[in-house]
1. Can you pull out the residues in segment 1-33 that are of a type in the set (S, T, N, Q) and surrounded by fewer than 19 Cβ atoms within 10 Å (Cβ to Cβ)?
2. Collect the residues in segment 200-220 that are assigned to a loop (DSSP other than H, G, I, E, B), among the small types (Gly, Ala, Ser) and within 22 Å of Thr244 (Cα to Cα), keeping them in residue-number order.
3. Looking for whichever is more than 28 Å from Arg208 (Cβ to Cβ) and aliphatic (A, V, I, L, M) here; the options are Leu118, Leu87. Which one fits?
4. Can you say whether Leu15 is under 28 Å from Asn172 (Cα atoms), of a type in the set (A, V, I, L, M, F, W, C) and in a loop (DSSP other than H, G, I, E, B), as far as the supplied structure shows?
5. If you check Arg122, Arg111, which single one turns out to be touching a strand residue (DSSP E or B) at 6+ places or on another chain (Cβ under 8 Å), among the charged types (D, E, K, R) and at pLDDT 95 or above?
6. Which residues, counting only those in segment 160-175, are touching a helix residue (DSSP H, G or I) at 6+ places or on another chain (Cβ under 7 Å), within 21 Å of Ser251 (Cβ to Cβ) and surrounded by 14 or more Cβ atoms within 10 Å (Cβ to Cβ)?
7. Does Glu186 qualify as being outside any loop (DSSP other than H, G, I, E, B) and either in contact with an Asp or Glu (Cβ under 9 Å, 6 or more places away or on another chain) or surrounded by fewer than 16 Cβ atoms within 10 Å (Cβ to Cβ) (or both)?
Amino acid sequence: MSAAVTRLVRQGLILRVDDAGGSGTPVVFQHGLCGDSNQTREAFPSDPTFRRITLECRGHGRSEAGDPKDFSIATFTDDVVSLIESLDVGPVIVGGISMGAAISLRLAVKRPDLVQGLILARPAWVTTSAPPNMEPNALVGAMLTLYPPEEAHQIFMRGDVARHLSQVAPDNLKSLEGFFQRQPCEVTAALLKQISADGPGVDDSEVRALTAPTLVIGHEQDFIHPISYAQALTDLIPSATLKTITSKVISRDLYVSDFHDAIAHFLRSI
């Protein structure tokens with residue numbers, strides 16, 4: 001397998017695929033909520049031994065949105081399963097950042113036959129739906145539904161949530177501010193509200209039964225992706241190892257470098 005895949009057509013929707021191509025071991029690596037393949041491209045090490053493949057989820061990046069009522073971690077997971085099956089390469093390494101980690105966790109539980117290894121980076125969920133750390137995302141989604149984007153942004157920035165995040169997790173606040181400019185606004189609002197209220201749809205006992213080698217990545221100073229969630233998943237998954245990397249608040253360059261090193265070391269160990 002060497003030719004790059006550029007799209008997946010599923011349920012009448014064109015979903016775009018960012019595929020590094022080449023003959024390296026395929027690693028399906030998914031982006032976070034309201035992100036795209038730029039996020040995974042930055043976080044993944046440049047190594048021809050491994051072939052990063054990112055499916056941009058419905059309503060993300062260059063993929064069509066379809067009916068916003070279908071936005072869910074389960075639907076996004078089914079789309080990734082369809083991509084993996086279309087590649088016809090047997091078990092692959094799967095992983096992702098934030099929402100991408102939740103997608104990957106669900107995929108590993110529901111389709112262990114497709115998963116050779118698992119990377120859960122900066123998880124925003126353990127197993128419970130609508131966790132409290134996702135409330136800022138849900139609030140932005142609700143405000144985008146009620147007000148024009150600029151007015152919604154101004155109101156949000158005057159509120160307690162923005163003030164709190166400016167002190168404890170300024171990088172999270174920066175990401176949330178970006179959502180007010182994201183287009184289409186209606187799709188962004190639906191994604192933020194529905195995915196924030198969702199979860200991976202698995203329970204602790206199913207996660208404990210995972211056997212695939214697993215890397216969990218987390219860092220401090222992150223309200224939306226608590227390091228405690230990364231530790232909880234590490235404790236639940238028998239074969240999991242936790243790697244704590246430099247926070248983006250301290251240094252984005254070190255964050256990216258640490259991310260690359262953690263993934264590269266894990267991939268070479270499988």
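The values are calculated or read from the model by the stated rules, or taken from the named source; none is laboratory data. Because the structure is predicted, anything quoted here is derived from the model rather than measured. Heads up, the Cβs are rebuilt from the backbone with ideal geometry, glycines too, and the neighbour counts pull from every protein chain shown.
1. Selection gives Ser2, Thr6, Gln11, Ser23, Thr25.
2. Quick first cut of segment 200-220, residues assigned to a loop (DSSP other than H, G, I, E, B) only: 200-203, 209-213, 219-220.
The next check asks that each one be among the small types (Gly, Ala, Ser); those that pass are 201, 209, 212.
Ala212 - this is the single residue of segment 200-220 that is assigned to a loop (DSSP other than H, G, I, E, B), among the small types (Gly, Ala, Ser) and within 22 Å of Thr244 (Cα to Cα).
3. Values: Leu118 fails: more than 28 Å from Arg208 (Cβ to Cβ).
Criteria check complete, one pass: Leu87.
4. On the way: under 28 Å from Asn172 (Cα atoms): yes; of a type in the set (A, V, I, L, M, F, W, C): yes; in a loop (DSSP other than H, G, I, E, B): no.
Spelling it out, it is not the case that Leu15 is under 28 Å from Asn172 (Cα atoms), of a type in the set (A, V, I, L, M, F, W, C) and in a loop (DSSP other than H, G, I, E, B).
5. Numbers: Arg111 fails: touching a strand residue (DSSP E or B) at 6+ places or on another chain (Cβ under 8 Å).
Answer to the check: Arg122.
6. Hits for segment 160-175 are Leu165, Asn172, Leu173.
7. Numbers: outside any loop (DSSP other than H, G, I, E, B): yes; either in contact with an Asp or Glu (Cβ under 9 Å, 6 or more places away or on another chain) or surrounded by fewer than 16 Cβ atoms within 10 Å (Cβ to Cβ) (or both): yes.
So Glu186 fits the description; yes.
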